[in-house]
């Protein structure tokens, strides 16, 4: 019973049985196809890294006409929703109660400061309890200020003390965080789903006592593993297709790469996560433990260490090393590249190589741990 | 004809958290072609380990197995049918896995369908079959290729008498074609019908030979003592007989006591009663050999006074699940101190009746009074007055015996002082002192069962509910268990027991035979035997004739 022998009749018979079970208990179809849609909608629309419509209090202590002009600029942007505060005290109270997230003060000498070099005509206070939003908001207000100054300078045809920066953001011109989140989200969702799909299948055979009966037949190890892998591979790829179509239609993402590369990369990734589920199932022989293992080992690392939300390059060096064992990390990078930049081989190839290596390791361990006896 | 299967000096040890255990210790034997070899022994004797080694699923630490050139088929104890697949789909799967081609498949399936009687059910989901049908399908799946040796691990556990008889007939047919069959069982009436018997005990082979040779060992050690008819008296006399010097085992059988005594012990006598010597059965020899430490259990004052009369009164009790009527207008009464049995095949409605009487599910219509409470209005009150011992062992494996008992006391709402007293009392009365601090998951089945019983009566219930208490348990453990139940009944406990196992029914004062949701027979075991078994072959024959008559009169 060793060696990679595959008898087509046995494999076909086993695959048919596996399909019948999937159809009779459609929960795995729901996990593979419906769950990605639900999670994409939930997280895709819910999670946004952009700070928009942030309430800000504006305290105008000056009578200078430029103040009203700047206020108009603030009102014109989608990032800040300004409200005029009668005085600083009120603005501070609003900030304390969370009514506003920032305060912009245009002091009495605003007009005078404006024309002096190295001066600070406005004061900006930002609520730092959410550091990410705070940084974004501070940046936005500074940007608005800079733009306003520039516009004013052009109108007055005078040279101002600021450096005019012409910046352009590549791959995501609109700096819409959806574009960078959705590909990562797909990777994280498929990690979870792939591992869940196979986490139960071997353990179920042990728990129901069907494994002992299977062991008495000539079914080989290879046939058993292929029989368990192929149906769920098809289901997982189905979920991948659904996710991609969703990303392109519902979220309006561009797709810069080629479909074939996406298919190849997804297949490799699917082998990694399905392999992980199979390994968990084979080692624990217990559906509950296997699913808990699959959930905890994929969900949190996928979210936090894959570069999906938090940039890996800005992590602690030790943690950066650890991220290399998170398969989602490679897939996040491949998907982001394929969706937003194109078939950039120097990025895609190393990542695919890493996935291929992981798939090989996981499936080898699973095969080693699969026994043809009850020992 | 093949040489069968030979094994020599087989040894198998397991290393676990509790240290190294030798499950099988130097066992040799031959499973001869054209014969049914019975493998018997108590729980944890090493039967399953031995069969798994013979099937090639475990590697022995020592010893050799010589297999014939042909196929060795093995049917595990819990045969892995895919319950979400149909009968046909299960068969097709195993045919594919065994590489049966289309032509051979057609012939084999036709043969197996005829053989098992599964032909009308090919499109039914395996999970929807009765216990007996499942075993037959399991056997059919095992037989898609004709084996030279067939290994069956407790094929008749959880199977009702009718299906058990059919299963046996099927295997006999196989044996006649020259196949070597190993049939492991805890039921000694099955072993008695085998051509050859192997008795395993604590991993060693205590006997290997013809059943009649084994039985002959206890020649002269078996006695029969006729008894007066009254129930309470008969249990009192049994206890007295069990206490006699030299008596190993005593069992009530209808209006008589069956006694097994030590070798060369004098004839047992009780005032006014005389014993006559009778030919031994395999079970007697088994009891004599395994020699249980025998002392009649003390009578524990475990019930509070609940008066006399009817403790359970059921009238027109009915339970429907959708269009299916699981229990159909059941009526009966149970008196205080009575042991009352609900006997019937799997799926007859016993468990549903049981659950209604325990207040776990409401009735669709009809009345049920338990310990004076109307279950329609006072289910919780009724529940407080009854003790329940589940079919499957339902205690926490990693807690010690004492911890489990304290837990049970807490669940029943005993105060700390009461709990202390009663747990100590029960540990003493049930002989659990040596196991007090052992994790109960590692204990032998008999001890676990004793503990479960002790837990069930900590709150001094008026009624004890037992759900198939000794299914698949060997005679030593079973007799010991029932001796305790008898002692409790004598102290006034009312006992309601469900079973599909005839030997258990013999212990009951009265029986209700349930089939397809209806009561098709009611009376004492003797009455039922007298009415429905003209041949005098016993309760099992009476039961089968009742069920078959009902099927004839009410075709499905």
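Table for the structure above
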item: Pair residue A:288, residue A:112: separation of 7 Å Cα→Cβ label points (nm); result: 7.6
item: Ranking of B:194, B:358 by count of other Cβ atoms within 10 Å, fewest first; result: B:358, B:194
item: Principal axis box of chain B, alpha-carbon based, largest edge first, Å; result: 69, 60, 52
item: Alpha-carbon centroid distance for the pair the range A:306-368 / the range B:34-97, whole angstrom; result: 46
item: Test item: B:88-99 mean partner chain Cβ contacts at 10 Å; result: 6
item: For the range A:113-154: rounded, prolate or oblate by the Cα gyration tensor [a/c cutoff 1.5]; result: oblate
item: Compactness of the range B:423-556 as Cα Rg over 2.2 N^0.38 Å, two decimals; result: 1.25
item: Computed P(r) (all Cα pairs; the range A:54-156; 5 Å bins; percent); result: 2, 13, 24, 26, 20, 11, 4, 1, 0
item: The range A:260-317 - Kirkwood radius from inverse mean 1/r over Cα pairs (Å); result: 13.1
item: Between 0 and 90°, nearest 10: helix B:231-242 axis offset from chain B longest Cα axis; result: 70
item: Fully extended contour minus Cα-Cα distance, from residue B:176 to residue B:420, at 0.36 nm per residue; result: 81.8 nm
item: Exercise: per-residue mean of other protein chain Cβ atoms within 10 Å, A:16-27; result: 3
item: Residues residue B:226 and residue B:530, FRET efficiency given R0 of 25 Å [Cβ-Cβ distance, rounded to 0.05]; result: 0.95
item: Part-to-part distance (alpha-carbon centres) for the range B:340-355 and the range B:462-497, which is given in Å; result: 16
item: Debye-sum result for the range A:227-304 in log10 I(q)/I(0), which assumes one identical scatterer on each alpha carbon, at q = 0.21, 0.27 Å⁻¹; result: -1.05, -1.26
item: Highest to lowest packing among A:236-248, B:492-504, A:317-329, scored as the average C-beta count within 10 Å; result: B:492-504, A:236-248, A:317-329
item: Residue mean of other protein chain beta carbons inside 10 Å, B:74-87; result: 5
item: Rounded, prolate or oblate (a/c below 1.5 giving rounded, otherwise prolate when a/b exceeds b/c) for the range B:7-111 by Cα gyration tensor; result: prolate
item: Global form of the range B:311-377, assessed from the alpha-carbon gyration tensor, a/c cut-off 1.5; result: oblate
item: Ranked B:507, B:412, B:550, criterion: other C-beta atoms within 10 Å, fewest first; result: B:550, B:412, B:507
item: Sites residue A:23 and residue B:445 - FRET efficiency at Förster radius 41 Å, r taken between beta-carbons, to 0.05; result: 0.55
item: Euclidean distance between Cα centres, the range B:164-223 to the range A:83-142, Å; result: 93
item: FRET efficiency for residue B:233 and residue B:315, using Cβ-Cβ distance with R0 set to 30 Å, rounded to 0.05; result: 0.50
item: Rounded to 10°, Cα long-axis angle of helix B:416-429 versus longest principal axis of chain B; result: 60
item: Semi-axis lengths (Å, descending) of the ellipsoid that matches the C-alpha gyration tensor of the protein assembly as shown; result: 73, 37, 25
item: For the range B:1-49, radius of gyration divided by Kirkwood radius, i.e. Rg to Rh on alpha-carbons; result: 1.08
item: Kirkwood hydrodynamic radius over Cα pairs of the range A:199-356, then Stokes diffusion coefficient at 10 °C and 1.306 mPa s, in µm²/s; result: 92
item: Overall Cα dimensions of chain A - principal axes, largest extent first, Å; result: 92, 42, 38
item: Helix A:8-24 vs. chain A, principal-axis angle (Cα, 0 to 90°, nearest 10); result: 50
item: Shape box of the range B:305-456 [Cα atoms, principal axes, largest first, Å]; result: 49, 34, 24
item: Translational D in µm²/s for the range B:160-238 (Stokes-Einstein at 4 °C, 1.567 mPa s, Kirkwood Rh from C-alpha pairs); result: 82
item: Distance in nm between pseudo-label sites at residue A:364 and residue A:88 (7 Å out along the Cβ direction from Cα); result: 6.8
item: Spin-label pair residue B:11/residue A:259, simplified geometry with 7 Å Cα→Cβ offset, distance in nm; result: 6.6
item: Ranking of A:260, A:148, A:19 by count of other Cβ atoms within 10 Å, fewest first; result: A:260, A:19, A:148
item: Convex hull volume per residue in cubic angstrom - Cα atoms of the range B:89-156; result: 94
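Laboratory data are not the source of any read-out in this text; all were calculated from the coordinates shown. Source: prediction; values computed, not measured. All Cβ positions, even for glycine, are placed from backbone atoms using ideal geometry, and neighbour counts span all protein chains on display.
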